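So the structure is just underneath, and the comments pick up after that.
Just so you know, all these numbers are worked out from the coordinates, no wet-lab data involved. Since the model is a prediction, treat every value here as computed from it, not as a measurement. For neighbour counting, all protein chains shown are included, and Cβ atoms are generated from backbone atoms with ideal geometry for every residue, glycine included.
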């Protein structure tokens, strides 16, 4: 049976960590074929005690960011399959690993497998909204390529698995929260020098020709991402400043900065910056799907645009990233 390596960066993560690790250890899968690797950024709460209780291997992560933690974990991993995980994740159901393993065992060319992110019963409303869009609002707006691939996907009803080939020109925003890779296909990309984001790993995989991926909607992963709009805003600001603007030069950003990015970004600025437009759309979606959590959409969309605009105007690194991205877009235009 294939061996799973769970890569789990932590920093003061005791709020959800026990639930997360319990969901892994409770799987109907041989315990010796599952390893949990925790790269800890110097937690001062009960994170390390909880990790030891569930048999995790713990490594120090002095640079704290999750992407550097992934390098440490992968360097020490021994599994056939790598699961990119977080302390606020959890596997839903006891057969999660069985179902994932079965897909890789049955298809030697399958490079990656993902499922749907869901919220828990006790999660706050904003987390229920996150479950609707499966990402942040701007990526939800810019990248609709999964629907494109569904049209030509091979569907196995018994496994509820859609299999398709991804092209670099139509990227997917895949990278974390239960994404499973064949370890040997991504190890070198993760271990390369410099900052390399989780979405970049997936893009690098596709560009190297490992294009067959799978998506199982019923293979679900809990993501207790945030508890309030304030917490979500702080997370977006941190991601934009440190994961994107400060490190974009070492990253493979073609998963978002493709040729249509500039025009989509202009449309996004109009959509999110004029609340009456996004509110009308949210009302339509709420009525069509009978889901009131869509009403968070115009608020969160506006806040994200405001955060990005604020730090782009304020910080030199963000301004340089924006200017260089536009210039690259212009150079890539045909003719």
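How many of the residues making up the range 268-288 are touching a residue at least 24 places away in the same chain (Cβ under 8 Å) and over 15 Å from residue 136 (Cβ atoms)?
Here is the first cut: in the range 268-288, the residues touching a residue at least 24 places away in the same chain (Cβ under 8 Å) are 268-269, 271-273, 275, 278.
Still in the running and over 15 Å from residue 136 (Cβ atoms): 269, 273, 275.
The number of residues fulfilling the criteria is 3.
Specify which of the listed residues (297, 223, 243) is crowded, with 16+ Cβ neighbours inside 10 Å and in contact with a strand residue (DSSP E or B) (Cβ under 8 Å, 6 or more places away or on another chain).
Numbers: 297 fails: in contact with a strand residue (DSSP E or B) (Cβ under 8 Å, 6 or more places away or on another chain); 243 fails: in contact with a strand residue (DSSP E or B) (Cβ under 8 Å, 6 or more places away or on another chain).
Testing whether each residue is crowded, with 16+ Cβ neighbours inside 10 Å and in contact with a strand residue (DSSP E or B) (Cβ under 8 Å, 6 or more places away or on another chain) leaves just 223.
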Inside the range 1-68, counting only strands (runs of 3 or more DSSP E) that do not spill past its ends, which hold 2 or more residues that are within 24 Å of residue 202 (Cβ to Cβ) and touching a strand residue (DSSP E or B) at 6+ places or on another chain (Cβ under 8 Å)? 4-10, 34-40
